[in-house]
Every structure is written in C-alpha cells, then in structure tokens.
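The values are calculated or read from the model by the stated rules, or taken from the named source; none is laboratory data. Everything numeric in this text was worked out from a predicted model, so none of it was measured. Ideal geometry is used to build each Cβ from the backbone, glycine not excepted, and the neighbour counts take in all protein chains shown.
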Amino acid sequence: MYIDSHCHLSFPELASRIPDIRREMAAADVHRAVCICTTLEEFPQVHALATDHDNFWCTAGVHPDNEGVQEPTLDDLLQRAALPRVVAIGETGLDYYRLNGRSVAEMAWQRERFRVHIRAACATGLPLVVHTRSASDDTLAVLRDEGQGAVRGVFHCFTETMEVAMAALEMGFHISFSGILTFRNAETLREVARAVPLERCLIETDSPYLAPAPHRGKTNQPAWVAHVAAKLAALKNLPLETVAQATTANAEALFGLPAITRGT
Ligand SMILES: [Zn+2]
Ligand SMILES: [Zn+2]
C-alpha cells in the first residue's frame, strides 16, 4: 500500500471528483493522502477533506508563489496547526522562478513568509513541507538560520541537484519524489533518487500537476503515486513491495500518522 504525501485535492480540477478519486485510490492500493494547503483562504476546504475522510490528513501554510492573498502571521499558522488532522506546516519555501522582473533582493517578503512558517514548525514540532524552485541556496540558508537544526520535514517534488539533496539530508530532511522521476529528460533527478537512502524517501503526486508516465499531460491524481513508487523501485533495483512499505513507513513517521503497515 502507498501514501501520496503531497496532493492538492482542493484545487478545482479535483475538488468536484473526490468520490471518483477515492475509488481510484482504493483500486490502486493508495490508502492514504496528505492534502496540502497553499493559502489561508483555502485552508477550511483542505481541512474539511481531512476531517471528512479518515484516510486524508492536511497541512497549514501559504505557498511562496501566492501573492495578493492573506499573509500568514505566526499566530494564524499556530491556530490552524492546533486543529485535529493537521500534520505539517506548509507548503512553504522560496520560488524565484517567476520573478516577473523583480530582483532576488525584492523577494524579501517571500523569505520573511518562509521564516514565519519555520517558526511555526519549531513551535509546534510539526514537520515542514518545503517547496524550492530556482532558490535552493537561499532555501537552505534560511532553513539553517531560522531552523537552527530544530526543524525537520521534507523537500517536496524534488528537482534540485545532488548537492542540494545531500545538504537537505544532512539537515535531517526527507526528499519526496514525484512523477517527474518518470519524465524522459529527468536523468539528473534519477541519479539523485538512486543516491537518497530509502529510509529518507517519500513519494507524492503533487496532483493535479505532473502526472507520471504513462499518464503524462492528464490531470494527475493520488492513485498514480503507484507509478512513482514503481519508478523508484526500478532505479534502486529493489522489489516494489520494499519501496511501498518503506515510503509508507517514512510518511507515517514524519507526519505522525497511525502506523498500519508494520509487520505486514
Ligand atoms: Zn510545491
Ligand atoms: Zn504542492
């Protein structure tokens, strides 16, 4: 059985299809999913997914790409983190991919937002779901500075270099692989996946984005995390069952989910 450690079931492409999505999950042996929050405005809907379904959990946070939304204070995050079934802070981090003509210096607001999330993770002891794109040096620097070694979590939808992966592992973070692992041009990422110890690997879909082969170009869904697991198993030359059990156990431990797979 599998856990999709990162999906956006509140997004319009998926929100209206939850019963179908759950059926497909069950058929593909994907037993659980973590529903990721990207704005405070969206949080009630994400949280409802987790309270309405006993195999969904959720996070609280504001994505670095989201502008013109409510800026989270530490207290905003702590209040939501205290609610039942909230298992992580995020997704948060830094994204300099779309600067829209701005300099990195002008993205100080994003770094401050990231720091607020790190403070919330430290205060609650919850893991941090980190998004980083075209900003890995600053992401690591802010994590080190604000986290002071006390924060743990996951670099989600990993697409960075081996060097960044090793730095994240060194800080005690997990690395989560998405359907990008199956993309033809992702050889560098596949090398990273071979190198990350299995006990630090998670798998995710990042639905509705990044559908893995053989579904590329379609609307992604949690059921397809099984394709990510299969690719990871092939890369590591391990039985699929070994990767399924390990990534499930890793997600259970990181997010504090009830363990249902031990000894099976
Ligand atoms: Zn992300
Ligand atoms: Zn995401």
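Taking the residues in segment 120-160 that are under 19 Å from Asn66 (Cβ atoms) and of a type in the set (D, E, K, R) as candidates, determine which candidate is nearest to ligand 2 (Cβ to nearest atom).
Arg133
Pick out, from segment 1-61, the helices (runs of 4 or more DSSP H) lying fully within it that include 1 or more residues that are under 29 Å from Gln110 (Cβ atoms).
Values: elements: 12-15, 18-27, 43-52.
Hits in segment 1-61: 12-15, 43-52.
Is there a residue in segment 128-151 that is more than 18 Å from Ala168 (Cβ to Cβ), hydrophobic (A, V, I, L, M, F, W, C) and out of contact with any Lys or Arg (no Cβ under 7 Å at 6 or more places or on another chain)?
Filtering segment 128-151 down to residues more than 18 Å from Ala168 (Cβ to Cβ) leaves none.
There is no residue in segment 128-151 that is more than 18 Å from Ala168 (Cβ to Cβ), hydrophobic (A, V, I, L, M, F, W, C) and out of contact with any Lys or Arg (no Cβ under 7 Å at 6 or more places or on another chain).
Give the residues of segment 9-28 that are within 15 Å of ligand 1 (Cβ to nearest atom), in contact (Cβ under 8 Å) with a residue 60 or more places away in the chain and surrounded by fewer than 23 Cβ atoms within 10 Å (Cβ to Cβ), sorted by residue number.
Applying the first criterion (within 15 Å of ligand 1 (Cβ to nearest atom)) to segment 9-28 yields 9-11.
Retained after the next criterion (residues that are in contact (Cβ under 8 Å) with a residue 60 or more places away in the chain): 9, 11.
Scanning segment 9-28 gives a single hit, Phe11.
Looking only at segment 216-230, how many residues end up being closer than 16 Å to Ser176 by Cβ, surrounded by fewer than 23 Cβ atoms within 10 Å (Cβ to Cβ) and not aliphatic (A, V, I, L, M)?
Residues in segment 216-230 being closer than 16 Å to Ser176 by Cβ, surrounded by fewer than 23 Cβ atoms within 10 Å (Cβ to Cβ) and not aliphatic (A, V, I, L, M): 1 in total.
Any idea how many residues of segment 52-101 are more than 24 Å from Phe158 (Cα to Cα), more than 16 Å from ligand 1 (Cβ to nearest atom) and either among the aliphatic types (A, V, I, L, M) or at pLDDT below 95 (or both)?
7
When segment 241-260 is examined, which residues are found to be crowded, with 17+ Cβ neighbours inside 10 Å and at pLDDT below 95?
If the condition is that a residue be crowded, with 17+ Cβ neighbours inside 10 Å and at pLDDT below 95, then no residue fits.
State all residues of segment 1-36 that are within 12 Å of ligand 2 (Cβ to nearest atom) and either within 21 Å of Phe177 (Cβ to Cβ) or among the charged types (D, E, K, R) (or both); if no residue qualifies, say none.
At the first step, the residues of segment 1-36 found to be within 12 Å of ligand 2 (Cβ to nearest atom) are 4-11, 34-36.
Those that are within 12 Å of ligand 2 (Cβ to nearest atom) and either within 21 Å of Phe177 (Cβ to Cβ) or among the charged types (D, E, K, R) (or both): Asp4, Ser5, His6, Cys7, His8, Leu9, Phe11, Val34, Cys35, Ile36.
Residue under question is Leu49, and the condition is that it be within 16 Å of ligand 1 (Cβ to nearest atom), hydrophobic (A, V, I, L, M, F, W, C) and farther than 17 Å from Leu126 by Cβ; does it hold?
no
From His6, His31, which residue is within 16 Å of ligand 1 (Cβ to nearest atom), of a type outside the set (Gly, Ala, Ser) and within 22 Å of Ala229 (Cα to Cα)? Spell out the reasoning first.
On the way: His31 fails: within 16 Å of ligand 1 (Cβ to nearest atom).
That would be His6, the only listed residue that is within 16 Å of ligand 1 (Cβ to nearest atom), of a type outside the set (Gly, Ala, Ser) and within 22 Å of Ala229 (Cα to Cα).
In segment 165-178, which residues are within 15 Å of ligand 1 (Cβ to nearest atom) and without any contact (Cβ under 8 Å) to a residue 60 or more places away in the chain? Break it down stepwise before answering.
As a first pass, look at segment 165-178 and keep what is within 15 Å of ligand 1 (Cβ to nearest atom): 168, 173-178.
Selection gives Ala168, Phe173, Ile175, Phe177.
For Val87, are the conditions met, namely being in contact with a Ser or Thr (Cβ under 8 Å, 6 or more places away or on another chain), aliphatic (A, V, I, L, M) and assigned to a loop (DSSP other than H, G, I, E, B)?
no
Mind checking whether some residue in segment 139-156 is over 19 Å from Ala120 (Cα atoms) and within 16 Å of ligand 1 (Cβ to nearest atom)?
Initial filter on segment 139-156 (over 19 Å from Ala120 (Cα atoms)): none.
The answer is no, given that none of the residues of segment 139-156 is over 19 Å from Ala120 (Cα atoms) and within 16 Å of ligand 1 (Cβ to nearest atom).
Is there a residue being under 11 Å from Val86 (Cβ atoms), out of contact with any strand residue (DSSP E or B) (no Cβ under 7 Å at 6 or more places or on another chain) and touching a residue at least 24 places away in the same chain (Cβ under 8 Å) anywhere in segment 29-50?
Step one: list which residues in segment 29-50 are under 11 Å from Val86 (Cβ atoms), which gives 34-35, 37, 43, 46-47, 50.
Next, from what is left, pick out any that are out of contact with any strand residue (DSSP E or B) (no Cβ under 7 Å at 6 or more places or on another chain): none.
Checked against the condition, which is being under 11 Å from Val86 (Cβ atoms), out of contact with any strand residue (DSSP E or B) (no Cβ under 7 Å at 6 or more places or on another chain) and touching a residue at least 24 places away in the same chain (Cβ under 8 Å), segment 29-50 yields no hits at all.
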